[in-house]
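**Q** Structure below; questions to follow.
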Amino acid sequence: MSEGVDAVLIAGDVWEHRVPSPEAVGLVFGALLRLHEEGIRSVLIPGNHDSPQLFRSYAGILRSIGSEAVPQVLPPHRGGILKLPSRDGSSEVELACVPFVPERRFGDAAALFDASESWYQSYVEGMGNLLAAIAGGFTPGAASVILGHFFTDGALVTPGGGERELTIGIAYAVPPSRLPGTVSYVALGHVHLPQAVKGSPVPARYAGSLLQLDFGEAGQRKSVSIVDIEPGVPAKVSEIPLPSGRQLKDLRGTFDEVVEQGAGARDAHLRVFVRTEGPVPGLADRIREELPNALDIHLVYDRDEYRASETPVSSLQPREQFVEYYRRQHEAEPPEEILFAFDEVLDLELHPADRTSEQAQGAR
């Protein structure tokens, strides 16, 4: 609020799932309502995680609080370009929205335009043509922005991050040179790491995700992009770090070392790699007792190269099945105390009457 922004653009992946939980919907609506109370308009488009149908159903409700939900790509002459006035009414920005277009649905989007045969040669070629057609609808010399959710060639993704691999491959990689050179700015979503688009003819940027969404993004700095736009001059972009939100942290070491590290992690969610001599039953529970925020716990030890038995598991006796399972999971032999406990449980399962008789005799 302190930045005095005129509008907030949300470039897709508003929710994690196509059918979000009521709590997630309430969180987003609450944020949009607070923007409205501050006199700030908002525009949001669906990303590959979102449902365009859900955006369409919410559009009317959101419009009543100054928020525009744009569920699909539209040609300029059919309402594809919005006009966003500044809060003081002294200027305005023309905004074109390009929600995520799946490859299998690209033909539907292209059919709304005067698409030539070249549009259908590949997804990448078609997206370049679609962007050019949209930019052709802007008023010459006007301050103009494309709000889009798509992948650009060369964009950096986090190894092990939350982006869905099917939508960031080469088949989806739009060359930065195909971003229209006549617009003031291109605001992009889809990639979680905040970054400028290298090779773009105009200022273009992925704002990135607002939170560290999985441990692949642990330690990643999150931010929002503040963009100053005036007609006829390149947009000026600055990053505002986001200090809120719970961090994700990795802890590595022995049991005592990770517990000591966790003491300084405050309220961060933790992924723990604890070094041991081998499998240690119950160690994960001990770590959670010391570190309640530990979400993911891994035991790290030297593992012998283990070759799974070729004997079908279904042909083995229960004890042999358990031993085979343990070997495959831990690449080690099960300790004697584990086998003893398994034998006890198996005996109770096979001979429940004996156990009942023992209890009855003990009660006399």
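**Q** Can you report the number of residues in region 167-200 which are open to solvent by 30 Å² or more (accessible area, probe 1.4 Å), farther than 14 Å from Asp153 by Cα and not hydroxyl-bearing (Ser, Thr, Tyr)?
**A** Of the residues in that region, 2 qualify.
**Q** May I pose another question? Name the strands (runs of 3 or more DSSP E) wholly inside region 222-319 in which the number of residues that are closer than 30 Å to Leu147 by Cα and either out of contact with any Asp or Glu (no Cβ under 6 Å at 6 or more places or on another chain) or free of Cβ contacts under 8 Å to residues at least 12 places away in the same chain (or both) is 3 or more.
**A** 223-228, 236-241
**Q** Under the condition of being under 30 Å from Gly181 (Cα atoms) and within 29 Å of the chain's Cα centre (by Cα), which residue from region 231-275 is least open to solvent (accessible area, probe 1.4 Å)?
**A** By that ranking, first place goes to Ala235.
**Q** Identify, please: which residue in region 25-60 is farther than 25 Å from Arg105 by Cβ and of a type in the set (A, V, I, L, M) and is, among those, nearest to the chain's Cα centre (by Cα)?
**A** Selected residue: Leu27.
**Q** What tally of residues in region 120-148 results from selecting those that are open to solvent by 10 Å² or more (accessible area, probe 1.4 Å) and in contact with an Asp or Glu (Cβ under 7 Å, 6 or more places away or on another chain)?
**A** Total satisfying the criteria: 4.
**Q** For region 88-121, give me each residue that is polar (S, T, N, Q) and either within 26 Å of the chain's Cα centre (by Cα) or in a helix (DSSP H, G or I) (or both).
**A** Ser118 - this is the single residue of region 88-121 that is polar (S, T, N, Q) and either within 26 Å of the chain's Cα centre (by Cα) or in a helix (DSSP H, G or I) (or both).
**Q** Pull up region 98-119, narrow it to residues that are open to solvent by 80 Å² or more (accessible area, probe 1.4 Å) and free of Cβ contacts under 8 Å to residues at least 40 places away in the same chain, then point me to the one that is farthest from Ser67 (Cα to Cα).
**A** First pass over region 98-119, keeping only residues open to solvent by 80 Å² or more (accessible area, probe 1.4 Å): 103-105, 108, 114, 117.
Among the residues that remain, those that are also free of Cβ contacts under 8 Å to residues at least 40 places away in the same chain are: 104-105, 108, 114, 117.
On the way: Arg104: 29, Arg105: 26, Asp108: 26, Asp114: 30, Glu117: 36 Å.
That would be Glu117.
**Q** Would you point out which residue out of Leu84, Leu95, Leu32, Leu27 is within 21 Å of Ser209 (Cβ to Cβ) and crowded, with 16+ Cβ neighbours inside 10 Å?
**A** Numbers: Leu84 fails: within 21 Å of Ser209 (Cβ to Cβ); Leu95 fails: within 21 Å of Ser209 (Cβ to Cβ); Leu27 fails: crowded, with 16+ Cβ neighbours inside 10 Å.
So the residue among Leu84, Leu95, Leu32, Leu27 that is within 21 Å of Ser209 (Cβ to Cβ) and crowded, with 16+ Cβ neighbours inside 10 Å is Leu32.
**Q** Restrict the check to region 304-314 and report whether at least one residue is at pLDDT 85 or above, open to solvent by 40 Å² or more (accessible area, probe 1.4 Å) and touching a Lys or Arg at 6+ places or on another chain (Cβ under 7 Å).
**A** No, that holds for no residue.
**Q** Let me ask you something else. In region 201-230, which residue that is within 25 Å of Arg87 (Cβ to Cβ) and open to solvent by 80 Å² or more (accessible area, probe 1.4 Å) is modelled with the lowest pLDDT?
**A** Looking at the filtered set, the residue picked out is Leu210.
**Q** Here are some residues: Leu62, Leu9. Which one is closer than 22 Å to Ser209 by Cβ, among the aliphatic types (A, V, I, L, M) and in a helix (DSSP H, G or I)?
**A** Leu62
**Q** While we're on this one: Which condition from (1) at pLDDT 85 or above; (2) among the aliphatic types (A, V, I, L, M); (3) under 24 Å from Glu16 (Cβ atoms) is the one that Leu166 breaks?
**A** (1)
**Q** What is the number of the single condition among (1) modelled with pLDDT under 85; (2) basic (Lys, Arg); (3) under 24 Å from Val259 (Cβ atoms) that Arg288 does not meet?
**A** Here Arg288 clears every test but (1).
The values are calculated or read from the model by the stated rules, or taken from the named source; none is laboratory data. Treat the numbers as computed from the prediction; the structure is a model and nothing was measured. In this analysis, Cβ positions are derived from the backbone assuming ideal geometry, glycine residues included, and neighbour counts consider all displayed protein chains. Areas reflect the complete protein model, heavy atoms only, side chains present, ligands, DNA and RNA absent. Shrake-Rupley method; radii C 1.70, N 1.55, O 1.52, S 1.80 Å.
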